[in-house]
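Peer 1: One structure coming up, written as structure tokens, with questions to follow.
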Amino acid sequence: MREYAARRGWTIALQVKEVGSGASQRQMREKLIEAARRREIEMVLVWRLDRWGRSVTDLLATLQELEHLGVGFVSLTEALDLTTPAGRAMAALLSVFAEFEREILRERVRAGLAHARQNGKRLGRPATAALNADQVRKLRSSGLSKSVIARRLNIGRTSVRRILAVPPKKK
């Protein structure tokens, strides 16, 4: 990579070597992006694309930000140079694959939710405040304010108002 930078006549302003390929927080990459935002660098050179982005979506988002900042991007192994027309065309193809990846993920999530519902799994937030509905109504009928009821039962005032807005179910 140093040889490539020298051949192109580039000066190395910042070198980042990140270890821990599965990390979700990539502090060194963030440091590099911050340098780009401060206009301290003009080009990012990586060994491989998978060293830069963990998914096509992540890769595309950061490449678009770098492009917006006017920072070039070169991946040495894939011979991808976003400063050239061919490189920009490849980036456009990457965006198509990113959209495809998002659609596939969305379909998988929907299928998983449907399967969970089919198996009787209750989805969504647990009904915590609603479990106190009878107690809320009893305390309200005894003359307590909504705020006092909320504090006493350790639930939100909005939950108390919501419970009181709905008539009780007949048993």
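The numbers here are math on the coordinates, done by the rules we state, and not lab data. Only a predicted model underlies this, so the values are computations on that prediction, with no experimental measurement involved. Please note: Cβ atoms are built from the backbone with ideal geometry, for glycine as well, and neighbour counts cover all protein chains shown.
Peer 1: For the chain, what is the charge dipole size about the Cα centre, in debye to the nearest 20, if Lys and Arg each add +1 at the Cβ and Asp and Glu each add -1 at the Cβ? Don't jump to the answer; show the numbers that get you there.
Peer 2: On the way: 34 positive and 17 negative charges, 455 e Å.
Magnitude of the dipole: close to 2180 debye.
Peer 1: If you take the charge dipole of the chain about its Cα centre, with +1 on Lys and Arg Cβ and -1 on Asp and Glu Cβ, which of Met28, Asn132, Val46 is farthest toward its positive end?
Peer 2: Asn132
Peer 1: Taking θ = phi - 60°, what integer Hz values does the Karplus form 6.51 cos²θ - 1.76 cosθ + 1.60 yield along the range 117-133, in sequence order, with x for Gly and Pro?
Peer 2: Karplus values, whole Hz, x for Gly and Pro: 4, 4, 8, x, 6, 7, 9, x, 5, x, 7, 6, 5, 4, 5, 9, 4.
Peer 1: Continuing with the same structure: Under the Karplus relation 6.51 cos²θ - 1.76 cosθ + 1.60, θ = phi - 60°, what is the ordered set of whole-Hz ³J(HN,Hα) values for the range 41-58, x standing for Gly and Pro?
Peer 2: Each residue's phi maps through the Karplus curve to give 10, 10, 8, 10, 10, 10, 6, 9, 4, 6, 7, 9, x, 8, 9, 4, 4, 4 Hz.
Peer 1: Counting other Cβ atoms within 10 Å, which trypsin sites (Lys or Arg not before Pro) in the range 87-131 have at most 12 and lie in a DSSP loop?
Peer 2: Working: sites: Arg88, Arg102, Arg106, Arg108, Arg110, Arg117, Lys121, Arg122; in loops: Lys121, Arg122.
Counting only loop positions with at most 12 other Cβ atoms within 10 Å, the trypsin sites (Lys or Arg not before Pro) in the range 87-131 are Lys121, Arg122.
Peer 1: Using modelled amide H (1.01 Å from N, peptide plane; none on Pro or chain starts), what sits under 5 Å from the amide H of Leu80, excluding residues fewer than 5 places away?
Peer 2: HN-HN under 5 Å from Leu80: Ser75.
Peer 1: Separate question: Sort 159-166, 53-60 by packing, meaning the average of other beta carbons within 10 Å per residue, with the highest value first.
Peer 2: The densest-packed peptide leads the list: 53-60, 159-166.
Peer 1: Related question: Let me spell out the model: positive unit charges on the Cβ of Lys and Arg, negative unit charges on the Cβ of Asp and Glu, origin at the Cα centre of the range 119-171. What dipole size does that give, in debye rounded to 20? Walk me through the intermediate numbers first.
Peer 2: Values: 15 positive and 1 negative charges, 21 e Å.
Around 100 debye, computed over the range 119-171.
Peer 1: Counting only residues 5 or more places away or on other chains, whose amide H sits under 5 Å from the amide H of Arg54 once H atoms are built in the peptide plane?
Peer 2: Under 5 Å from the amide H of Arg54 lie the amide H atoms of Leu59, each far enough along the sequence or on another chain.
Peer 1: Could you tell me which of Leu94, Asn119, Phe73 has its Cα farthest along the dipole of the range 30-171 towards the positive end, charges placed at Cβ (Lys, Arg +1; Asp, Glu -1), taken about the Cα centre?
Peer 2: Comparing the listed Cα positions along the dipole, Asn119 ranks first.
Peer 1: List the longest stretch of the chain that has no exposed loop site; here a site is one of the GluC sites (Glu not before Pro) assigned by DSSP to anything other than H, G, I, E or B, with at most 16 other Cβ within 10 Å.
Peer 2: Values: sites that count: Glu18, Glu40, Glu42, Glu78.
Answer - 79-171.
Peer 1: With runs of 4+ DSSP H residues as the only contributors, calculate the mean residue ellipticity of the chain at 222 nm using -39,500 (n - 2.57) per run, divided by the residue total and rounded to the nearest 500. Don't jump to the answer; show the numbers that get you there.
Peer 2: On the way: 7 runs with 91 residues, N = 171.
Taking each H run of at least 4 residues, the total per residue is -17000 deg cm²/dmol.
Peer 1: Could you list Ile41, Ile149 so that the one with the fewest beta carbons within 10 Å of its beta carbon is first and the one with the most is last? Intermediate values should be presented prior to the final figure.
Peer 2: Values: Ile41 21, Ile149 24.
Fewest-to-most ranking of Ile41, Ile149: Ile41, Ile149.
Peer 1: Can you list residues from other chains, or at least 5 along the same chain, whose modelled amide H is less than 5 Å from the amide H of Gly72?
Peer 2: Under 5 Å from the amide H of Gly72 lie the amide H atoms of Met43, Val44, each far enough along the sequence or on another chain.
Peer 1: How large is the charge dipole for the range 2-98, taken about the Cα centre, if only the Cβ atoms of Lys, Arg (+1) and Asp, Glu (-1) carry charge, to the nearest 20 debye?
Peer 2: 200 debye
Peer 1: For the pair Arg106 and Thr11, how long in nm is the line joining their label points, each one 7 Å along Cα→Cβ?
Peer 2: Placing both labels 7 Å along Cα→Cβ, they lie 4.7 nm apart.
Peer 1: Short version: what are the Cα gyration tensor semi-axes of the range 1-138, square root of 5 times each eigenvalue, largest first, in whole Å?
Peer 2: Numbers: eigenvalues 390, 75, 35 Å².
Each semi-axis is the square root of five times an eigenvalue, giving 44, 19, 13 Å.
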